[in-house]
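The values are calculated or read from the model by the stated rules, or taken from the named source; none is laboratory data. Keep in mind it's a predicted model, so treat the numbers as computed, not measured. Cβ: placed from backbone, ideal geometry, glycine included. Neighbour counts: every protein chain shown. Side chains included, ligands, DNA and RNA excluded: accessible areas come from the protein's heavy atoms. Shrake-Rupley method; radii C 1.70, N 1.55, O 1.52, S 1.80 Å.
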Amino acid sequence: MPPFARVLEELEPRRLPLARLELLTVELPLVEPFRSAIGSRRTRRALLVRWDDGDGAFGVGECSCRPDPYFSAEYLESAGALIADHLAPRLSAGMRYGELRRETERIRGWPFAKGALLDAVHDLFRRRGEAGPLEIWRPEGAAGVPAGISLGLPGDAASLAERVRAAAAEGYRRVKLKIRPGLDRSTLAAARDAAPGLALGLDANGSFGEDGIDELARLAELGPAFVEQPFPPERLDLARELKRRAPALTLCLDESVTGVGSLAAAHALGAIDELNLKPGRVGGELAAIAVAERAEALGVPTWVGGMFETGIGRAANLRLAARLPGAAAHDLSPSRRYFAEDLVEDPAEMDASGRVAAPGPPPRLAGERIARCLVERRTLTPEGACSTS
């Protein structure tokens, strides 16, 4: 039996007691502003989905989409509305996991929202001492995850070079720089030369168009580890043309891959060399397993990226990354890189060798901090009751 089929076989019959579902919107300040081609952010606003089973156990999943529609069509407020209006009313107190999964599959799109709800259930399983999807798929994961760091759009060359040297000194295995059309290549060259032994990736967040193919092709002269998502998600035709003009470039896709089908299509077109797999973008932990499995079958190297998740979502991402041992680095920096205070008592830390410890048990929630960062709480019950505070 294929590994993914074995995961479904074990999970589908499990019953899911449900007393209430809570949607918690929280907002945390970032340690420093972060700029990309999408825009600048100073805080991380997140949606937490909490599933209470009524017997004292609970699970929490993090919806990792942005609060705006600039990375994907789905954004935070709309994801919460999707869960409240179209998923929560379909829940029943004694449904089985297979029924829940099929209810999510009836809805077209909305992977972040659907993944957060399913991941709350996966977290519930682990807190009850049961195996989640990843533990069934691959029971053993690596103890540590090699970490890369993503730096925002650069300012001047000197300050960027200093940040790259600092990242190398801290032990990071790779630095990824955000880029946009018209960026001075001498600035990127300064970053490359600051730490010659450190892998350097470039991420455009889909900001280039058809007129940017030549500019991107010239980046091959810098010898980057990869160029990530140079074009808008649907423009696989441009990605294929870039590969034709600059075959030496390693082309990594992010936003373009929303599931197994889009991955297979990109591969068939010759438009992908490497995959940045963000679990929330494809529909959560279960969907990420299916994508990772297909990527392996196609021979597409895969690593795990992040969406500024709090310690809740970061632990979930690290759990997946620990089961992808072939990756040189994952974009999973420790929590202190982003937040002065996280929402968990045991945030991710990195050792001197550049590895972040993979989580064992689910993280312990910092209830007081969650309350302090709370923007809104919506409580839903299987009987259809709803309250907002």
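Computed values, structure above
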| item | result |
| --- | --- |
| Extreme residue, surrounded by the most Cβ atoms within 10 Å (Cβ to Cβ), among residues of the stretch 63-79 that are part of a helix (DSSP H, G or I) and either touching a Lys or Arg at 6+ places or on another chain (Cβ under 7 Å) or of a type in the set (Ser, Thr, Tyr) (or both) | Leu76 |
| Yes/no for Glu296 being among the acidic types (Asp, Glu) and within 30 Å of Ala352 (Cβ to Cβ) | no |
| Total residues in the stretch 341-389, condition of a type in the set (Val, Ile, Thr), assigned to a strand (DSSP E or B), under 23 Å from the mean Cα position of the chain (by Cα) and closer than 24 Å to Val26 by Cα | 2 |
| Selection from the stretch 220-254 of residues that are out of contact with any helix residue (DSSP H, G or I) (no Cβ under 7 Å at 6 or more places or on another chain), closer than 22 Å to Ala161 by Cβ and buried (at least 20 other Cβ atoms within 10 Å of the Cβ) | Pro224, Phe226, Glu228 |
| Residue match in the stretch 289-305 (condition: at pLDDT below 95 and buried (at least 19 other Cβ atoms within 10 Å of the Cβ)) | no |
| Which numbered condition Leu332 misses (of (1) closer than 22 Å to Arg44 by Cβ; (2) among the hydrophobic types (A, V, I, L, M, F, W, C); (3) open to solvent by 20 Å² or more (accessible area, probe 1.4 Å); (4) touching a Lys or Arg at 6+ places or on another chain (Cβ under 8 Å)) | (3) |
| Tally of residues being open to solvent by less than 20 Å² (accessible area, probe 1.4 Å) and outside any helix (DSSP H, G or I) across the stretch 306-319 | 3 |
| Residue pairs meeting the criteria (Cβ under 7 Å; at least 6 apart or on separate chains; first part of a loop (DSSP other than H, G, I, E, B), in the stretch 8-37; second modelled with pLDDT of 95 or more and open to solvent by 60 Å² or more (accessible area, probe 1.4 Å)) | Glu12/Arg96; Pro13/Arg96; Arg14/Arg96; Leu16/Arg96 |
| Count of the stretch 190-215 residues which are surrounded by 16 or more Cβ atoms within 10 Å (Cβ to Cβ) and either outside any loop (DSSP other than H, G, I, E, B) or within 26 Å of the chain's Cα centre (by Cα) (or both) | 17 |
| Where Leu100 falls short, out of the listed (1) of a type in the set (A, V, I, L, M, F, W, C); (2) within 21 Å of the chain's Cα centre (by Cα); (3) within 15 Å of Arg14 (Cα to Cα) | (2) |
| Neighbours by Cβ (under 8 Å, 6+ apart or cross-chain): first from the stretch 338-355, closer than 19 Å to Arg41 by Cα and touching a residue at least 40 places away in the same chain (Cβ under 8 Å); second surrounded by fewer than 17 Cβ atoms within 10 Å (Cβ to Cβ) and not polar (S, T, N, Q) | Tyr338/Leu30; Tyr338/Val31; Phe339/Pro29; Phe339/Leu30; Phe339/Val31; Ala340/Pro29; Ala340/Val31 |
| Residues of the stretch 288-337 satisfying the condition of being out of contact with any Leu (no Cβ under 8 Å at 6 or more places or on another chain), within 19 Å of Leu117 (Cα to Cα) and either touching a residue at least 60 places away in the same chain (Cβ under 8 Å) or aromatic (Phe, Trp, Tyr) (or both) | Ala290, Met307, Glu309, Gly313, Ala316 |
| Sole exception among (1) in contact (Cβ under 8 Å) with a residue 40 or more places away in the chain; (2) in a helix (DSSP H, G or I); (3) surrounded by fewer than 18 Cβ atoms within 10 Å (Cβ to Cβ) for Ala142, by number | (2) |
| Members of the stretch 377-389 found to be at pLDDT 95 or above and open to solvent by 60 Å² or more (accessible area, probe 1.4 Å), listed by number | Arg377 |
| Subset tally (residues that are closer than 26 Å to Ile312 by Cα, open to solvent by 10 Å² or more (accessible area, probe 1.4 Å) and of a type outside the set (Gly, Ala, Ser)) for the stretch 255-273 | 3 |
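Every residue, every condition in (1) at pLDDT below 95; (2) open to solvent by less than 30 Å² (accessible area, probe 1.4 Å), yes or no:
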site: Ser92; (1), (2): yes, no
site: Leu100; (1), (2): no, yes
site: Arg106; (1), (2): no, no
site: Trp110; (1), (2): no, no
site: Leu118; (1), (2): no, yes
site: His122; (1), (2): no, yes
site: Phe125; (1), (2): no, yes
site: Ala131; (1), (2): no, no
site: Ile136; (1), (2): no, yes
